[in-house]
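Trainee: Can you read through this structure? Questions will come right after.
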Amino acid sequence: MKIIVVAGARPNFVKVAPLIEALRATQASSPHLSFMLVHTGQHYDEQMSQAFFDDLRLPRPDVDLGVGSGSHAEQTGRVMIAFEVFLRQEEPDWVVVVGDVNSTMACTITAKKLGIKVAHVEAGLRSRDWTMPEEINRVVTDVLSDLLFTTDLIASDNLKAEGIDAGRVHFVGNVMIDTLLKHHKRALNLRQWEHFGLQTGAYGVLTLHRPSNVDQQPAFRGIVAALEVIQQHLPLIFPVHPRTRKMAEAFGLWERMAGWKHIHLLEPVGYLEMLSLTSQAALILTDSGGLQEEAVVLGVPCVTLRENTERPITVAVGANQVVGNEPEAIIEAVMTRLAYGRVPFRQPEKWDGSAARRIVDILLAMR
Ligand code: UD1
């Protein structure tokens with residue numbers, strides 16, 4: 001059985017790491033199993049890519065398709081063209097894709113058109129927001145996949161409601177949480193907050209990169225206005241995504257933020273550094289998908305700067321509040337969450353560190 005595992009962008013690396021580890025562990029007792037790791041090259045900066053391979057002790061990818069940035073059509077098209085050549089050479093039995101980035105959808109379409117089976121890890125998440133490129137990627141990937149691995153039963157129900165055969169859907173838990181649990185202690189030992197002269201539980205971590213927040217000047221300006229107020233109450237650590245930095249500079253917002261006293265503007269940080277920072281934060285402010293879930297396990301309240309979330313379980317367990325990007329709403333939510341402090345949240349079923357193991361067992365039973 002030959003399996004190709006695909007990763008393209010930063011959040012993918014965190015999800016493939018436990019899968020590669022579980023495949024490796026299985027290989028010892030299953031000589032018929034072989035696997036390869038493909039990097040599409042969607043993310044390519046040292047800090048967006050290699051730093052994650054190093055932190056997560058991921059093997060070097062067997063191949064890097066080197067597609068880089070571009071418009072959605074350019075990026076998706078380049079992944080498809082390069083991946084098709086690779087698949088024709090390798091003729092695998094399965095392609096395993098994770099998450100919802102352009103590489104996920106591009107590799108799924110390419111494999112299916114060559115008659116190769118696809119397994120989607122983190123299937124069934126839905127924001128019902130078609131302005132999000134990731135929603136398109138999720139729906140296309142799910143409808144084509146032969147095996148769909150979900151992180152919770154809400155996602156499984158979404159798939160069933162869309163008419164996907166229940167026999168293809170497996171609720172296995174959350175591979176991203178496998179990675180978090182594995183590295184949590186190492187991350188804590190780094191005590192990254194001390195580098196900024198901060199105390200545990202006395203700062204917030206902020207991330208921002210969605211086109212809906214940073215590509216439009218009014219939205220980005222509104223968020224920055226809210227942040228200006230918030231940082232006066234809670235020091236903020238802000239690792240800045242390359243697209244966000246580019247837009248902040250274009251809109252004249254970079255200089256404004258750089259002039260504040262209580263914000264630390266950083267280059268993108270690696271996995272362990274980020275986990276170290278979020279672990280001891282009073283609050284996470286984000287528009288990322290993954291951080292909403294990590295907040296649940298870390299017991300850190302999360303305020304999500306989006307109109308909706310594809311991860312409603314994070315709201316259901318009380319960890320996450322989805323507030324949009326109007327300044328007043330952001331400030332009010334942050335102040336309220338800070339007043340409540342950190343409280344443990346109910347942990348979702350099977351977010352226990354063994355999701356990748358379950359996935360590999362199911363895949364191997366498919367022979
Ligand atoms: C992508 C994913 C998004 C995910 C995010 C995590 C899609 C549609 N979006 O968004 O779901 O949450 O990754 O980071 O797949 N850039 C660099 N260096 C890099 C990568 C990107 O400078 O290594 C800059 C480029 O200017 C590029 C821009 O960031 O045009 C956007 O990169 P892209 O991969 O298109 O999307 P992300 O916004 O990173």
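Trainee: So ARG24 clears everything in (1) basic (Lys, Arg); (2) exposed (fewer than 14 other Cβ atoms within 10 Å of the Cβ); (3) more than 16 Å from MET1 (Cα to Cα) except one condition, right? Which one?
Mentor: Failing condition for ARG24: (3).
Trainee: Taking segment 44-58 only, how many residues are open to solvent by 40 Å² or more (accessible area, probe 1.4 Å) and not aromatic (Phe, Trp, Tyr)?
Mentor: Matching residues across segment 44-58 total 6.
Trainee: If the requirement is being in contact (Cβ under 8 Å) with a residue 24 or more places away in the chain and within 16 Å of the ligand (Cβ to nearest atom), which of these qualifies: MET1, MET48?
Mentor: The match here is MET48.
Trainee: Let me ask you something else. Say we look at segment 198-219 and pick out the residues that are of a type in the set (Ser, Thr, Tyr) and open to solvent by 40 Å² or more (accessible area, probe 1.4 Å); which of these is farthest from ARG342 (Cα to Cα)?
Mentor: If we take residues in segment 198-219 being of a type in the set (Ser, Thr, Tyr) and open to solvent by 40 Å² or more (accessible area, probe 1.4 Å), then SER212 is farthest from ARG342 (Cα to Cα).
Trainee: Specify which of the listed residues (THR104, THR110) is open to solvent by less than 40 Å² (accessible area, probe 1.4 Å), within 16 Å of the ligand (Cβ to nearest atom) and within 18 Å of ILE359 (Cβ to Cβ).
Mentor: Sole residue among the options that is open to solvent by less than 40 Å² (accessible area, probe 1.4 Å), within 16 Å of the ligand (Cβ to nearest atom) and within 18 Å of ILE359 (Cβ to Cβ): THR104.
Trainee: Could you name every one of the helices (runs of 4 or more DSSP H) located completely within segment 187-260 that has at least 2 residues being free of Cβ contacts under 8 Å to residues at least 60 places away in the same chain?
Mentor: Of the helices (runs of 4 or more DSSP H) lying wholly inside segment 187-260, those with at least 2 residues that are free of Cβ contacts under 8 Å to residues at least 60 places away in the same chain span 217-233, 242-250, 253-258.
Trainee: State all residues of segment 27-41 that are farther than 17 Å from PHE53 by Cβ and buried (at least 18 other Cβ atoms within 10 Å of the Cβ); if no residue qualifies, say none.
Mentor: Within segment 27-41, just LEU33 meets the criteria.
Each row is one residue, and each column tells you yes or no for (1) open to solvent by less than 20 Å² (accessible area, probe 1.4 Å); (2) of a type outside the set (Lys, Arg); (3) part of a loop (DSSP other than H, G, I, E, B).
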{"position": "VAL67", "(1), (2), (3)": "yes, yes, yes"}
{"position": "ILE81", "(1), (2), (3)": "no, yes, no"}
{"position": "VAL96", "(1), (2), (3)": "yes, yes, no"}
{"position": "VAL118", "(1), (2), (3)": "yes, yes, no"}
{"position": "GLY124", "(1), (2), (3)": "yes, yes, yes"}
{"position": "GLU134", "(1), (2), (3)": "no, yes, no"}
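Trainee: Among the residues of segment 38-49, is any part of a helix (DSSP H, G or I) and of a type in the set (Asp, Glu)?
Mentor: no
Trainee: Cβ-Cβ below 8 Å, separation at least six or inter-chain, first residue in segment 95-106 and in the same structural domain as GLY41 (by TED's automatic domain parsing), second acidic (Asp, Glu) and more than 7 Å from the ligand (Cβ to nearest atom): which pairs?
Mentor: VAL98/GLU122; GLY99/GLU122; ASP100/GLU122; ASP100/GLU135; ASP100/GLU310
The values are calculated or read from the model by the stated rules, or taken from the named source; none is laboratory data. Keep in mind it's a predicted model, so treat the numbers as computed, not measured. Here the Cβ is made from the backbone with ideal geometry for all residues, glycine too, and neighbour counts use every protein chain on show. These area figures cover heavy atoms from the full protein model, side chains too; ligands, DNA and RNA do not enter into them. Shrake-Rupley method; radii C 1.70, N 1.55, O 1.52, S 1.80 Å.
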